[in-house]
Every structure is written in structure tokens, then in C-alpha cells.
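Visitor: Dumping the structure here so I can ask a few things about it.
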Amino acid sequence: MTDLGTLIPRNREIHPPAYDVGYKTSVVRSPTQPLLSMESTLTEETGPMFGHSLLGPLDNNLILNYTQGRAPAVGERILVHGRVLDENNRPQKGVLVEAWQANAGGRYRHKKDGYLAPLDPNFGGCGRALTDENGYYEFLTIRPGAYPWPNRGNDWRPMHIHFSIFGTGFGQRLISQMYFEGDPLIRNCPIAATIKNRSHLDRLVAPLDMSKSRPLDHLAYKFDIVLRGRRQTMFENKMEGM
Amino acid sequence: MVQKLDTLEETPSQTAGPYVHIGCIPTFAGVEGVYPEDLGKRAIEDGAKGEVITITGSVFDGTGWALRDAMMESWQPDAAGKFPGQKGADPKVNGFCRFAADGETGEFTLKTVKPGKVPYREGGHQAPHIALWITARGINTGLQTRIYFEDEDNEGDPLLSRIEQQHRRDTLIAKKTGEGQYRFDIRLQGEGETVFLDL
Ligand SMILES: [Fe+2]
């Protein structure tokens, strides 16, 4: 909120197009008219900020937060960590990162998910964290299972974690998904394939990070996130300081 | 090779999927006990200054079906046009709200205060409006739009005045249905398609 400034226009080339015939639900949910483009206003440049009082001690621990520490979730223990930056390579401090995912068998705790893999009584599937001074966040969780979904005849989602990220302006709002390095299902997935350029898709694939793995405890994956930046010119900076 | 820029590119978007509720409004989704309450449960607290209003609507797909799985977020200033965090803003206005289409009917409701007009560059202003962000399965990048009000002076609003066709401009204007009651339907595609924004 203190960090006002015009947002850099979104580079729509890196985002998936609204309409993608391979992802069937997008066919009737995609606008056909062009977006109305305009320079950001105060409405997009400001946004909600959340304080540490929001967070409970287990909020970023998906292994324990559903039972509030009573019993751990089933699955391969992993740490997912990284930094939230903006396009100017500046860390986004104190911004909210939310994550949600299927359990180790690929099942979500959601009434619309009828997959035959069982629910884990100790796994809810959501977590949240605020970034620190360096834009850093981490989640302790279990590796989510791949799961089938109704689209084409036999489509499976690769292992993934959904991410929702706030910046300091509402116009920076972003939802995306993190995939896991080496998962062969990524190349068959129609949702991953909505991103047309493989190098852009690779930005969503978290590498195994042994430097953050803890012996006899968990593996680690690194997932950095970049939000829209704010345009800053020397001229504008000087004007503000006057 | 030319010099290398030291800027980064934004992380590409992916659909929020059908289970967005688990991550954003888990209590609503039946995942209880992880958080004391869902984030953005109320746009305002008791005692917020201004006219309390209710906006009801649905998000329709290209076949005219109201989405049952949409999750929306709103962001707005207080009745005096100040955003939360700005000096002098009404402490009872959270400004941010999360709400979902009803799983049975597809209707959503947003209870808030009527926002004030907001300053715009060179002494101008923007007509009162609420920013809206829509996610659902099948929406690959969250859709931005705005709710304006038919009983406000929308003349000269910098965004509305960029829309040439009156009938398209009207897609951003909530209809008054009663005292403090408005209707705002969103059409993702086809006839009456809502104007979606890139700003
Ligand atoms: Fe998923």
C-alpha cells in the first residue's frame, strides 16, 4: 500500500490464451472480445495487505495443520520454498502466498472430487505464508499425487500445487500452479499445455533442491514467483521526492 | 548479442481449477479447522460509514449457464474514496472481499458500502466502482472487471469513456433493484459479453 506506482502492463504473451480447445472447459468460459487495456489506476495500484496476526503457527505446514498438530498427513515429506519477486527483481516483502493441493493419492478434500483414491483423515490440503524481508516463503507438505480428470478420454494432471499470490496492488493478483521437475505427465497435460511456449511453462516447474533438503526428514523443491512490477523512472522518483 | 536486461518476466498464470475454494475459502469448502475463518469474509465491519449495499449476480458461460464454481475477489475504497491503508481511510472498511457462486444456484452476493469516487491524474476522478477479479476452472488467467453503479454520475470516468459501444459500457454498470440492492451479472462469452480489463 505504501508502494504506489504505475504497474507495468502485463505481457499477455507469457500467459495462456483464454480459449484452448485442448482444455475443454475453457471453450465456453473464454471471452471472445479483446480486453480493454489501460494504464493502471489507484484501484489496481493499491491492494489488501495482511499482517502476521493473520497467521497461525501451523498455517504453512500442510502435514500438520489439518489436525492442528495431532497427527501427520500420509505421504512423501517435502519442503516447497522460494522467493516472491517483482519484474524489477525486487523482493516482495510481507505478501500473502496461499497453496492448495491433492493428498498423496491425488484426492482433494472437496465435495466435487469423487476420485476413488481415499481421503487422508489427517490432510486438509491448504496452507498460507507471508513472505519475509527478502520475499522468502516456505511450506512443509507432502508430495501431491497425480490424478485423472474428465477432459479428453484419459487425461491426468501431473503432480502440482496450486498457488495464489498477492502483491501490494490488486492488479498484481495471480493464481498459478507449481509442477515437479522430471514429472513425465507434464508433457501430456492439457492445462500445462495452455501455456504455449515450453520455456514459459518451465518457469512453473520446480527443481529438486538438495541444499534445502533435510537429512532423514524431507526433500525440497524451489519455486520462485514473479509478480508484475511497477514502472519507475528517475524522473518520476525525483518528482516524488520534491 | 545485445546487452541483457536485468528485469524478470511475470510468472505465467494457470487456471485456479475446480477446487480453488480449498485454497482460498477453505471453511466455505468444508475444510474446517485449519484457519479460524476464511480470508476476506467481509468487505466491511459493523459501523462502516456510508450506504450499505448488496450486490447480487451470477457468472454465465457462453451457453447461458450460471457457473457454480466461480470464486471472486473484490477491492474498493471506502465511502469517501479512500482505499484501506491510505491516510484517513475508514478503519471499518476492509475493502477486500472473497465470495463464491452458490453451489446450487450459481448466485453470488457481495455486501459492502457504496464506494466513493477516486482521484485520477490531473485533478480528475474515477466514478465510484468496485474492482472484481474472477477465477474458476476453465478460466486460464483471472479475469479483471469493474462494477459501476447506474445511480451514480459515470460521465467522464476515464475507463468507461474508452468503451465506444454504449451497450458494452452497460455491462460494467450494476442495475438498481431496490433500496441498497443492485444486480450485476457477468457474461464470460457471447451476447452481452462483459468488458474484461487489462490494467
Ligand atoms: Fe489441481
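The values are calculated or read from the model by the stated rules, or taken from the named source; none is laboratory data. Just so you know, these numbers come straight off a predicted model, no measurement behind them. Neighbour counts are summed over all protein chains in view; Cβ atoms, including those assigned to glycine, are modelled from backbone coordinates with ideal geometry.
Visitor: With respect to A:G56, determine if the residue is on the phi > 0 side of the Ramachandran plot, of a type outside the set (D, E, K, R) and in a loop (DSSP other than H, G, I, E, B).
Guide: no
Visitor: Go through the residues of the range B:5-28 one by one and say whether even a single one is within 30 Å of A:R90 (Cβ to Cβ), within 20 Å of the chain's Cα centre (by Cα) and free of Cβ contacts under 8 Å to residues at least 60 places away in the same chain.
Guide: There is at least one residue in the range B:5-28 that is within 30 Å of A:R90 (Cβ to Cβ), within 20 Å of the chain's Cα centre (by Cα) and free of Cβ contacts under 8 Å to residues at least 60 places away in the same chain.
Visitor: Is the range B:57-66 home to any residue that is touching a Ser or Thr at 6+ places or on another chain (Cβ under 7 Å), crowded, with 19+ Cβ neighbours inside 10 Å and more than 7 Å from every other protein chain (Cβ to nearest Cβ)?
Guide: No, the range B:57-66 contains no residue that is touching a Ser or Thr at 6+ places or on another chain (Cβ under 7 Å), crowded, with 19+ Cβ neighbours inside 10 Å and more than 7 Å from every other protein chain (Cβ to nearest Cβ).
Visitor: Please find, among A:V84, A:V74, the residue that is away from the ligand (no atom under 16 Å from the Cβ), away from chain B (no Cβ under 12 Å) and not hydroxyl-bearing (S, T, Y).
Guide: It is A:V74.
Visitor: Scan the range A:8-31 for residues that are in contact with a Lys or Arg (Cβ under 6 Å, 6 or more places away or on another chain) and more than 8 Å from chain B (Cβ to nearest Cβ) and jot them down.
Guide: Residue satisfying the conditions is A:I8 alone.
Visitor: Quick one: A:D155 ticks every box in (1) over 30 Å from B:Q76 (Cα atoms); (2) under 18 Å from the mean Cα position of the chain (by Cα) except a single one, so which number is it?
Guide: In the conditions (1) over 30 Å from B:Q76 (Cα atoms); (2) under 18 Å from the mean Cα position of the chain (by Cα), A:D155 misses (2) alone.
Visitor: Give the residue, chosen from B:E45, B:E51, B:E37, that is more than 16 Å from the ligand (Cβ to nearest atom) and over 19 Å from the mean Cα position of the chain (by Cα).
Guide: B:E37
Visitor: Being within 25 Å of A:D209 (Cα to Cα) and either crowded, with 19+ Cβ neighbours inside 10 Å or modelled with pLDDT of 95 or more (or both) narrows it down to one residue among A:P91, A:P16, A:P9; which is it?
Guide: Only one candidate qualifies: A:P91.
Visitor: Count, please, the residues in the range A:122-137 that happen to be surrounded by fewer than 23 Cβ atoms within 10 Å (Cβ to Cβ) and touching a residue at least 40 places away in the same chain (Cβ under 8 Å).
Guide: Number of matching residues: 7.
Visitor: Would it be correct to say that A:T194 is out of contact with any strand residue (DSSP E or B) (no Cβ under 8 Å at 6 or more places or on another chain), closer than 19 Å to A:E87 by Cβ, touching a residue at least 60 places away in the same chain (Cβ under 8 Å) and buried (at least 18 other Cβ atoms within 10 Å of the Cβ)?
Guide: Here the answer is no, as A:T194 does not meet what is asked.
Visitor: Conditions first: (1) among the aliphatic types (A, V, I, L, M); (2) more than 13 Å from the ligand (Cβ to nearest atom); (3) part of a helix (DSSP H, G or I). A:L185 passes all but one, so which condition is the exception?
Guide: Failed condition: (2).
Visitor: So which residues in the range A:175-187 are more than 13 Å from the chain's Cα centre (by Cα) and either aliphatic (A, V, I, L, M) or surrounded by fewer than 15 Cβ atoms within 10 Å (Cβ to Cβ) (or both)?
Guide: A:E181, A:G182, A:P184, A:L185, A:I186, A:R187 - these are the residues of the range A:175-187 that are more than 13 Å from the chain's Cα centre (by Cα) and either aliphatic (A, V, I, L, M) or surrounded by fewer than 15 Cβ atoms within 10 Å (Cβ to Cβ) (or both).
Visitor: Being facing another protein chain (nearest Cβ under 9 Å), closer than 24 Å to A:P72 by Cβ and away from the ligand (no atom under 16 Å from the Cβ) is the filter here; which residues of the range A:122-172 pass it?
Guide: The one that is facing another protein chain (nearest Cβ under 9 Å), closer than 24 Å to A:P72 by Cβ and away from the ligand (no atom under 16 Å from the Cβ): A:R128.
Visitor: Another question, then. So how many residues does the range B:1-19 have that are touching a helix residue (DSSP H, G or I) at 6+ places or on another chain (Cβ under 9 Å) and surrounded by fewer than 18 Cβ atoms within 10 Å (Cβ to Cβ)?
Guide: Number of matching residues: 1.
Visitor: Of all residues in the range B:121-168, which are at negative phi, assigned to a helix (DSSP H, G or I) and of a type outside the set (S, T, N, Q)?
Guide: B:R121, B:L160, B:R162, B:H167, B:R168
Visitor: Moving on. For A:N88, which of the numbered conditions (1) polar (S, T, N, Q); (2) over 16 Å from the mean Cα position of the chain (by Cα); (3) over 28 Å from A:P9 (Cβ atoms) fails to hold?
Guide: Looking at each condition in turn, A:N88 falls short on (3).
Visitor: Then there is this: Answer yes or no: is there a residue in the range A:60-69 that is small (G, A, S) and facing chain B (nearest Cβ under 8 Å).
Guide: no
Visitor: Any chance the range A:94-106 includes a residue that's buried (at least 20 other Cβ atoms within 10 Å of the Cβ), small (G, A, S) and assigned to a loop (DSSP other than H, G, I, E, B)?
Guide: Within the range A:94-106, one or more residues are buried (at least 20 other Cβ atoms within 10 Å of the Cβ), small (G, A, S) and assigned to a loop (DSSP other than H, G, I, E, B).
Visitor: May I pose another question? If we keep just the residues of the range B:156-196 that are hydrophobic (A, V, I, L, M, F, W, C) and more than 14 Å from every other protein chain (Cβ to nearest Cβ), which is nearest to B:E51 (Cα to Cα)?
Guide: Here the answer is B:A174.
Visitor: Return the pair list, or none, for Cβ contacts closer than 6 Å from residues in the range A:41-62 that are more than 28 Å from A:P144 (Cα to Cα) and modelled with pLDDT of 95 or more to residues that are outside any helix (DSSP H, G or I) and of a type in the set (F, W, Y), at least 6 apart or on different chains.
Guide: Every condition considered, the pairs that remain are A:T46/B:F83; A:P48/B:F96.
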